[in-house]
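All remarks here apply to the structure that follows.
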Amino acid sequence: MRHTHKHNILLIGSGGREHAMLRALKNSPSAGEIFCSPGSDAIAREVTCTTLATARDAAAFCREHQVHLVMIGPEQPLVDGWADVLRAAGVAVFGPSAKAAQVEASKDFTKRLCDRAGIPTARYATFHDALSARAYVNTVGAPVVIKADGLAAGKGVTIAQTTAEAEDAIDACFAGAFGAAGHTVVVEEFLQGEEISFFALSDGKSVVAFGSAQDHKRAFDGDTGPNTGGMGTYSPAPVFTPELEAQSLREIIIPAIDGLARDGAPYIGVLFAGLMLTASGPKLIEFNCRFGDPETQVLLARYQGDFAALCLACATGHLHEIPAPKLENNAAICIVMATRGYPSHYEAGSFIGLPADETLPQHVQILHAGTKRANDQWQAHGGRVLNIVASAANLEAARMRAYDSVAQIDWPEGFYRRDIGWRALKQ
Ligand code: AMP
Ligand code: GLY
């Protein structure tokens, strides 16, 4: 066996995604001491949490605690340049520079990257005023997709079925509904097909696939109700065959990584591609500059390798020197439990009776996305609150395992979908 040196790690973030990342880091033979900022009450039961308000504070913390690797969970610190500051301070970072994080922070940036690199994506045009955007919509007709250019907490996209709806969405963007994020608007062709999430890791030069997943964005069973941040996921996405995966790497991921490197913005970290599997092949809907939430929960449930070593190899430019990561040949599912009323108004502070971790069956985890610990009890403090994650030989077995554990949770104020995975199981 190759000797592995242990590295101290700082994880940035506080949600269910970070709880999943933390569990994978804890299972990594190469991980030394693990810290998390800001973390959560649940994460603080497993590792030391601290609150680092700025990237400079994080760099100072790394010096003080001999941290060699920083893992950045959410997009905002990446877009704000935390990776740049930490790298300048000599720390290895899993996460792109502010410039490379523009793949998520600006839809127009990504569209122009697609143009330069020949990446298949929806036809589009970018506008800086409502009048020209409205005129364009009236030439292309509906259905059509209106997107605020910048980060809009997942709310900046309107699928308009009529040109009137498209015009309203354009007006709302330019009237400031999404702040500065909506001062530039991308109008896109409406793509049809099945949507999947594909993940790839890069050290700026080399690229490896890291699995696929599908999520359920609507709040209620049968994919009805309002859009949410995601009510459940499963991995792999069975529609995403090995052939489609190879094609997506070749036509979308690798050209994007190469294009960013050519532009002087090498991409380090995980590139999350939202793909539409259309009749004429996979097309890019969007890139995210980080792991998905709750996609990470199912991806990492299928990864038994040394996640810390894998991420360090990305962060230090050594990805080509290690064996390509392999997810287990199994399936994983994540059921999101949310507070009643989410995604609109809900009350915080309801009590949750959770089974102790030691009593959970093998291959089941309860991850915390929005809880607090008060008076020796868990309380809900968020829309999406818990992630119940299970893996098994196949999706059907994983799903039974997950719902059995959901049934042991005593939380009258919570709700969840009972049909996560239906699309894959009906195949
Ligand atoms: P985004 O915020 O870019 O993730 O978009 C939100 C959702 O809108 C995506 O996950 C898709 O389901 C849908 N969407 C975005 N762009 C398109 C498009 N060009 N055609 C069809 N659906 C789209
Ligand atoms: N689950 C979608 C995202 O993380 O953006």
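Out of (1) within 13 Å of ligand 2 (Cβ to nearest atom); (2) in contact with a helix residue (DSSP H, G or I) (Cβ under 6 Å, 6 or more places away or on another chain); (3) assigned to a loop (DSSP other than H, G, I, E, B), the odd one out for Q297 is which?
(3)
Does F287 qualify as being among the aromatic types (F, W, Y) and closer than 30 Å to A397 by Cα?
On the way: among the aromatic types (F, W, Y): yes; closer than 30 Å to A397 by Cα: no.
So F287 fails the test.
Condition check ((1) polar (S, T, N, Q); (2) surrounded by 21 or more Cβ atoms within 10 Å (Cβ to Cβ); (3) at positive phi) across all residues:
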residue: L201; (1), (2), (3): no, yes, no
residue: V208; (1), (2), (3): no, yes, no
residue: A213; (1), (2), (3): no, yes, no
residue: D223; (1), (2), (3): no, no, yes
residue: P226; (1), (2), (3): no, no, no
residue: M231; (1), (2), (3): no, yes, no
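Just to be sure, is G305 under 18 Å from the mean Cα position of the chain (by Cα), surrounded by fewer than 24 Cβ atoms within 10 Å (Cβ to Cβ) and either in contact (Cβ under 8 Å) with a residue 60 or more places away in the chain or more than 12 Å from ligand 2 (Cβ to nearest atom) (or both)?
Numbers: under 18 Å from the mean Cα position of the chain (by Cα): no; surrounded by fewer than 24 Cβ atoms within 10 Å (Cβ to Cβ): yes; either in contact (Cβ under 8 Å) with a residue 60 or more places away in the chain or more than 12 Å from ligand 2 (Cβ to nearest atom) (or both): yes.
In short, no.
Of the conditions (1) within 23 Å of P343 (Cβ to Cβ); (2) in contact with a helix residue (DSSP H, G or I) (Cβ under 6 Å, 6 or more places away or on another chain); (3) outside any strand (DSSP E or B), G176 fails just one. Which one is it?
Only one criterion in (1) within 23 Å of P343 (Cβ to Cβ); (2) in contact with a helix residue (DSSP H, G or I) (Cβ under 6 Å, 6 or more places away or on another chain); (3) outside any strand (DSSP E or B) is unmet by G176, namely (2).
Can you tell me which residue among A153, A142, A164 is surrounded by fewer than 21 Cβ atoms within 10 Å (Cβ to Cβ), more than 14 Å from ligand 1 (Cβ to nearest atom) and of a type outside the set (S, T, N, Q)? Can you show your working first?
Numbers: A153 fails: more than 14 Å from ligand 1 (Cβ to nearest atom); A142 fails: more than 14 Å from ligand 1 (Cβ to nearest atom).
Checking each option against the conditions leaves just A164.
Hey, which of the strands (runs of 3 or more DSSP E) in region 185-289, taking only ones fully inside, have at least 1 residues that are within 16 Å of ligand 1 (Cβ to nearest atom) and among the polar types (S, T, N, Q)? Write out each step before concluding.
Values: elements: 185-189, 194-203, 207-215, 218-220, 224-227, 232-235, 268-278, 281-288.
Qualifying strands (runs of 3 or more DSSP E): 194-203, 207-215, 224-227, 232-235, 268-278, 281-288.
Please list, ordered by first then second residue, the pairs with beta carbon atoms under 8 Å, 6 or more apart or interchain, first in region 50-72 and loosely packed, with under 13 Cβ neighbours inside 10 Å, second of a type in the set (S, T, Y) and assigned to a strand (DSSP E or B).
These pairs meet every condition: T51/S37.
Do you know which residues across region 393-405 are surrounded by fewer than 24 Cβ atoms within 10 Å (Cβ to Cβ) and closer than 14 Å to L360 by Cβ?
Result: R401, Y403, D404, S405.
Within region 109-119, is even one residue aliphatic (A, V, I, L, M) and closer than 30 Å to A55 by Cα? Walk me through how you get there before you give the answer.
Of the residues in region 109-119, the ones aliphatic (A, V, I, L, M) are 113, 117, 119.
Cutting the leftovers down to closer than 30 Å to A55 by Cα gives us 113.
Within region 109-119, one or more residues are aliphatic (A, V, I, L, M) and closer than 30 Å to A55 by Cα.
When you look at S97, is it among the hydroxyl-bearing types (S, T, Y) and within 30 Å of G32 (Cα to Cα), yes or no? Let's see the steps before the verdict.
Details: among the hydroxyl-bearing types (S, T, Y): yes; within 30 Å of G32 (Cα to Cα): yes.
The answer is yes for S97.
Conditions (1) more than 29 Å from I333 (Cβ to Cβ); (2) among the β-branched types (V, I, T); (3) within 19 Å of the chain's Cα centre (by Cα), marked per residue:
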| site | (1), (2), (3) |
| --- | --- |
| R17 | no, no, yes |
| P29 | no, no, no |
| I34 | no, yes, no |
| I43 | no, yes, yes |
| A58 | yes, no, no |
| H65 | yes, no, no |
| R87 | yes, no, no |
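Considering region 107-137 alone, what residues qualify as being of a type in the set (S, T, N, Q) and either farther than 17 Å from E188 by Cα or at pLDDT below 95 (or both)?
Our first condition is that a residue be of a type in the set (S, T, N, Q); within region 107-137, this holds for 110, 121, 126, 132.
Matches in region 107-137: T126, S132.
For region 309-330: of the residues being out of contact with any helix residue (DSSP H, G or I) (no Cβ under 6 Å at 6 or more places or on another chain) and more than 30 Å from R401 (Cβ to Cβ), which is surrounded by the fewest Cβ atoms within 10 Å (Cβ to Cβ)? Can you show your working first?
From region 309-330, those out of contact with any helix residue (DSSP H, G or I) (no Cβ under 6 Å at 6 or more places or on another chain) are 309-312, 314-318, 320-321, 323-324, 326-330; that's our starting set.
Subset that is more than 30 Å from R401 (Cβ to Cβ): 312, 314-318, 320-321.
Working: L312: 25, C314: 26, A315: 25, T316: 16, G317: 15, H318: 13, H320: 12, E321: 10.
Applying the filter and picking the extreme gives E321.
Scan A125, A98, A92 and give me the residue that is surrounded by fewer than 22 Cβ atoms within 10 Å (Cβ to Cβ), of a type outside the set (V, I, T) and within 24 Å of the chain's Cα centre (by Cα).
On the way: A125 fails: within 24 Å of the chain's Cα centre (by Cα); A92 fails: surrounded by fewer than 22 Cβ atoms within 10 Å (Cβ to Cβ).
Among A125, A98, A92, only A98 is surrounded by fewer than 22 Cβ atoms within 10 Å (Cβ to Cβ), of a type outside the set (V, I, T) and within 24 Å of the chain's Cα centre (by Cα).
So I335 clears everything in (1) crowded, with 23+ Cβ neighbours inside 10 Å; (2) within 16 Å of ligand 2 (Cβ to nearest atom); (3) more than 18 Å from A20 (Cα to Cα) except one condition, right? Which one?
If we test I335 against (1) crowded, with 23+ Cβ neighbours inside 10 Å; (2) within 16 Å of ligand 2 (Cβ to nearest atom); (3) more than 18 Å from A20 (Cα to Cα), just (3) comes out false.
The values are calculated or read from the model by the stated rules, or taken from the named source; none is laboratory data. In this text, all values refer to a predicted model and were calculated from it rather than measured experimentally. For neighbour counting, all protein chains shown are included, and Cβ atoms are generated from backbone atoms with ideal geometry for every residue, glycine included.
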